[in-house]
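Step one of this worksheet: look at the structure below.
The values are calculated or read from the model by the stated rules, or taken from the named source; none is laboratory data. Not measured: the values here are computed from a predicted model. Backbone-built Cβ (ideal geometry, glycine too); neighbour counts: all protein chains shown. Protein only, heavy atoms only, side chains kept; ligands, DNA and RNA dropped before computing areas. Shrake-Rupley method; radii C 1.70, N 1.55, O 1.52, S 1.80 Å.
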Amino acid sequence: MTTPDERRYSDEHEWALVDGNIVTVGVTQFATDSLGDVVYVDLPEVGAEVSQFDKFGEIESVKAVSDLFSPIGGKIVEVNSDLLTMSEKVNEDPYSVGWLIKVETSDAASQLEKLMDAAAYDALTAEE
Amino acid sequence: MTTNISPYIPNTEADREQMLAAIGVSSIDDLVLDIPEAHRFPKLDLRPALSEFDLTAEIGALASRNAAPGEYACFLGAGAYRHYIPSVVKSVVARGEFLTSYTPYQPEVAQGTLQVGFEFQSMICEITGMEVANAGMYDGPTAFAEGALMACRITRRHTIAVLDTVEPRNVQILDAYARHQGIEIVVIGHDDDLPDDAACLMIQSPNQFGVIEDMAALAGKAHAAGALSVASVNPTSLGMFRTPGECDVDIVAAEGQALGVPLSFGGPYVGLFACKDAHKRQMPGRIIGRTTDTKGRVGYALTLQTREQHIRRERATSNICTSTALIGLLMTTYLAVIGRTGFKKVAELCYHKAHYAASEIDKIPGFSVKTEGPFFHEFMVECPKPPHEINTSLLEDKIIGGHDMSDRSNNGMLICVTEVNTRAEIDALVSALLEIGAGR
Amino acid sequence: MNAPFPGEIDRRLLNERSVTGRIGLQMQELDVPYQTLPDAGLLRSDEARLPEVSQPEVVRYFTTLSTMNFSIDTNFYPLGSCTMKYNPKVNEEMAFLPGMAGIHPNQPDETVQGALQLIWELQKDLGEITGLPAVCLGPLAGAQGEYSGLMIARAYFQDRGDNIRTVALMPDSAHGTNPASAAMAGLEVVTVPSDSEGNVDVEALKGLVDERTCVFMLTLPSTLGLFEPNILEITSIVHEAGGLVYADGANLNALLGIVKLGDLGFDIAHSNLHKTFSTPHGGGGPGAGPVLVSDTLAPYLPTPVVDSDGDTYRFGAPEKTVGRVNGFHGSFGVLVRAYAYIRAVGAEGMREVSENAIINANYIRTALSDEFGIAADRVCMHECVLSPQAQKAKGVSALDISKRLIDYGIHPPTMYFPLIVPEALMVEPTETETKDTLDRFIAVMRKINKEIDSDPDLLHDAPHDTPNTRLDEANAARHPYLRWQPDEDLTAAD
């Protein structure tokens, strides 16, 4: 799957997709390839605040657990509760049905400047 | 030399020479060069090796210096209980495939251990009325402590409230486990409020005095304070009494020893651990799940392993690794043999015999039964003189008396009666106490 | 496989075979007058849905289940760091003597002098073997021994008013229980890197020890099976910084009569009786993890320990004990077995155990390191770590190799541990295996290596003939199915 162009990426292998004040957050294909089958995602409560690059949850495969770090700071207004019973969606398509949280922020533009574009992210993962 | 020293070491001199040559060294000395020379090959001040014949004689001699229930009538409980262990249980646990296998990390070659473990988890859920159980912990008291720590993780609170009727030894163990985690332990009475920051209320039923607690009311009290309820129960009693599941308890621990496990001077035993389904990912210990293989056949495997130390390391739910699987097997076999009706029957036999004993002892001048509520198979007796003196006299009649509780109750003794105490034994105890009370 | 005869094994659970009315045990009748029952509100309202099966069914069920296990009694089991040595049957007999298996933990000391003497003598023997003379046999497994040892370290420093010592240092190759126990003890975990030889990087260690160092936890030999050539320098460095040195005794099978931990500068250790001292693993325990310390730290041991005045034995609490870690006195049944083992092996036999364990492991290392790659290309102790990276490059992982070994009736080695070795396969043969068995293992490994080129699916699809082939662990974690539920048929999984 090619890295979608219209998003921004963090070096913790998360993506951010902006739509007005709401930013959708997920993990990249590179992340799910390294993790293997995702078996559980520990998501935060709706209403919680998160700062940019802070831990907001955990993602588990059979044999590993990784922290999730938000590429965007703000208030969590929605979480993908489908994942509680169908964590496989993250593997199916981490960029659409496998989304994790939606964050509300009035400050999206300046935060995005701290993230990479698709080309830069591809360069990073090529090295790893 | 042509004869080996040890039957446990097959390598002969000839084998060793061949292997050393293959390795490319001339002697074992060349394989230990990293060991500081000054400390290499120390002399060990141990006794010489024993032949098997002498070994059995020496250890047999040690065993014969212990007074074993069997030769004695035993009325001792307080956390470990004498019950009849069916022969099937002992024969199953002798199977080398169960006894000498490892933790089932390779499920394809451990379906025996895994299926037994799944049965074990299922049976714990049935007897406790809880939704999910793990594959066992070290013992009841450590499982109880781990349950309280789990409540702290779930609620993110740092105080553990413990009812003052919980056995003090359990509180000592909790203290050891909680000491370095910034958690405070507060002991409260039944009428006290829970502290504000309480993560849980710890309840023991039957309690240290043998009395059945009102688990439903206590669990309700905990919930009203935003805390969880953690209950330690006697599994035999659940053949009769209301289960923690029925009482809306959140986390349950128990000592499984009473269910088919030899007394063995305190161990090895097995800690039972169960909780509500919503909390399963915070459970410590191993968990076995059912799944399918590549051919679609049902099989079992360890699951939810990301909670455990080998993956999560310092963020694990517990440091527990080796646990008590074989003892879990004993318990599973026991419950399979006594079955649905036997589980009820054992409880009833214990109950009626204990209550008979209590009513007879209460009649003895100088002795009075001091239970402050319903009891199962253990009850407190106030004695006319210190319990340890009474017990010394009872030993002369080949009776092991009850547990000395005089540190917390005036000349108090906790007497336990189970289905293995015959009427004749109970009547003999009563006669002996009568004589002792009369100044024998 | 191990089944006594070919054919499908009936995998139904006991409740799936239950028939109302069947019983497995003839129980005694009530011989006292019927007593008043408590209030109905206190009684359980439903029955526990335990099985109703006859006794022959119970025997057949469990016996058949047992045939699906690999075990030391049936298979070569070279599981690294687990020391799967022969579990002597005489030890079982001793543990089941009525005077051992039948005694109650709350019996007065004078009625259990034989048991107390056994505990006291075992305390002494383990103290002598390790050179750490003060011993508590209470901890119920290695992890509990570790935690006890860390509590001792913390208590020691707090007693001296040294309250800033809150860091536990450990190598990057440490077993998972080490950081987990350290976290429980409220210690911050700091990792010390290994050098290219697989040893602790001594320069890095010097840079990391300071006034906050509580303890350095080290497995010796390491989890790569290597003895630290700089061990005396390492323990010195930690002591000079004011810290204590802890030995994870999981690999003690390499050191019996070879060297004493106490002589090397260790202050605290735990031992795994279910590894080094031949007590059975039981499919995941029970074990015992005694904690052993120097005389300086003796007052802090957990309670109870056995004291003796020469004639009688009794339980006592160490003067500044860190407290109690279990309900009674430890896994006594396991202690009996370990005691029997030590008495059978004896003074001269200890060194034989470790020497042969070391020879056996090096024999395997020499035969297989070229073909499979070795984590550290030098003499190992009682185990060696293979690193089949060339095989991985061909698309066959350590997991695939392990599963293929099963088809040859050999239990896989420890996989993917230590974490610092890629595709790690840790092989520990132990001293109780014959040279023929080792030769067969070597031949099988070489054969498997050839299969990678000729027919790799033999590995990818392995094991082939076990009662279950590879299990869907992702499904088991995604959709946890953790107990019997009624009305499930055998083939439905989710």
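Annotations for the structure displayed:
- Just one of (1) surrounded by 15 or more Cβ atoms within 10 Å (Cβ to Cβ); (2) more than 7 Å from chain C (Cβ to nearest Cβ); (3) more than 30 Å from residue B:207 (Cα to Cα) fails for residue B:11. It is (2).
- Single unsatisfied condition, residue C:306 versus (1) under 30 Å from residue B:98 (Cβ atoms); (2) in contact with a strand residue (DSSP E or B) (Cβ under 6 Å, 6 or more places away or on another chain); (3) not basic (Lys, Arg): (1)
- All positions within region C:175-226 that are within 25 Å of the chain's Cα centre (by Cα), polar (S, T, N, Q) and closer than 16 Å to residue C:152 by Cα: C:178, C:181
- Entry remark, region B:227-246: residues being without any contact (Cβ under 8 Å) to a residue 40 or more places away in the chain and outside any loop (DSSP other than H, G, I, E, B) number 2 in total.
- Test result for residue B:47, facing chain C (nearest Cβ under 8 Å), under 30 Å from residue C:231 (Cα atoms), open to solvent by 20 Å² or more (accessible area, probe 1.4 Å) and not small (Gly, Ala, Ser): yes
- Every test in (1) touching a Leu at 6+ places or on another chain (Cβ under 7 Å); (2) more than 7 Å from chain C (Cβ to nearest Cβ); (3) among the aliphatic types (A, V, I, L, M) is passed by residue B:57 save one, and that test is (1).
- Evaluation of residue C:32 against (1) under 36 Å from the mean Cα position of the chain (by Cα); (2) within 7 Å of chain B (Cβ to nearest Cβ); (3) open to solvent by less than 20 Å² (accessible area, probe 1.4 Å) (one fails), failing number: (1)
- Selected residue [at pLDDT 95 or above, outside any loop (DSSP other than H, G, I, E, B) and of a type in the set (D, E, K, R)] from C:233, C:211, C:228: C:233
- Test: residue in region B:340-348 that is among the hydroxyl-bearing types (Ser, Thr, Tyr), under 21 Å from residue B:421 (Cα atoms) and surrounded by fewer than 23 Cβ atoms within 10 Å (Cβ to Cβ): yes
- Being at the interface with chain B (Cβ under 9 Å from one of its Cβ atoms), hydroxyl-bearing (Ser, Thr, Tyr) and part of a loop (DSSP other than H, G, I, E, B) holds for only one residue in C:430, C:466, and it is C:466.
- For region C:137-165, filtered to residues that are of a type in the set (Gly, Ala, Ser) and assigned to a helix (DSSP H, G or I), the residue that is nearest to the other protein chains (Cβ to nearest Cβ) is C:143.
- Condition check for residue C:396: outside any helix (DSSP H, G or I) and touching a His at 6+ places or on another chain (Cβ under 8 Å): yes
- Residues of region C:170-191 classified as of a type in the set (S, T, N, Q) and either in contact with a His (Cβ under 6 Å, 6 or more places away or on another chain) or at pLDDT 90 or above (or both), total: 3
- Filter result (surrounded by fewer than 24 Cβ atoms within 10 Å (Cβ to Cβ), without any contact (Cβ under 8 Å) to a residue 12 or more places away in the chain and of a type in the set (A, V, I, L, M, F, W, C)) within region C:60-81: none
- Here region B:25-44 is the region considered, the condition is being more than 7 Å from chain C (Cβ to nearest Cβ) and not hydrophobic (A, V, I, L, M, F, W, C), and the residue that is least open to solvent (accessible area, probe 1.4 Å) is B:27.
- Filter result (closer than 18 Å to residue C:284 by Cα and in contact with a helix residue (DSSP H, G or I) (Cβ under 6 Å, 6 or more places away or on another chain)) within region B:272-303: B:272, B:273, B:284, B:288, B:289, B:300, B:301, B:303
- Condition check for residue B:113: at the interface with chain C (Cβ under 10 Å from one of its Cβ atoms), open to solvent by 10 Å² or more (accessible area, probe 1.4 Å), in contact (Cβ under 8 Å) with a residue 12 or more places away in the chain and touching a Pro at 6+ places or on another chain (Cβ under 8 Å): yes
- Out of B:382, B:396, B:378, B:372, sole residue that is under 18 Å from residue B:350 (Cβ atoms) and acidic (Asp, Glu): B:378
- Those helices (runs of 4 or more DSSP H) lying entirely in region C:68-136 with at least 3 residues farther than 20 Å from residue B:68 by Cα and facing another protein chain (nearest Cβ under 7 Å): C:113-130
- Scope region B:63-110; condition more than 30 Å from residue B:377 (Cα to Cα), more than 7 Å from every other protein chain (Cβ to nearest Cβ) and crowded, with 24+ Cβ neighbours inside 10 Å; matching residues: none
- Residue check for residue C:36: within 30 Å of residue C:440 (Cα to Cα) and not small (Gly, Ala, Ser): no
- Under the condition of being in contact with a strand residue (DSSP E or B) (Cβ under 9 Å, 6 or more places away or on another chain) and more than 8 Å from chain C (Cβ to nearest Cβ), the residues counted in region B:309-327 number 0.
- Screening residue C:57 with (1) free of Cβ contacts under 8 Å to residues at least 60 places away in the same chain; (2) farther than 30 Å from residue C:10 by Cβ; (3) open to solvent by 20 Å² or more (accessible area, probe 1.4 Å) gives one miss only, at (2).
- Selection status of residue A:80, within 14 Å of another protein chain (Cβ to nearest Cβ) and either touching a Phe, Trp or Tyr at 6+ places or on another chain (Cβ under 8 Å) or free of Cβ contacts under 8 Å to residues at least 60 places away in the same chain (or both): no
- Counting the residues of region B:300-349 that are on the phi > 0 side of the Ramachandran plot and in contact (Cβ under 8 Å) with a residue 12 or more places away in the chain gives 1.
- Within region B:341-393, the set of residues being within 14 Å of chain C (Cβ to nearest Cβ) and polar (S, T, N, Q) comprises B:341, B:359, B:371, B:391, B:392, B:393.
- Residue A:91 meets all of the listed conditions (1) touching a helix residue (DSSP H, G or I) at 6+ places or on another chain (Cβ under 6 Å); (2) within 13 Å of residue A:43 (Cβ to Cβ) but one, namely (2).
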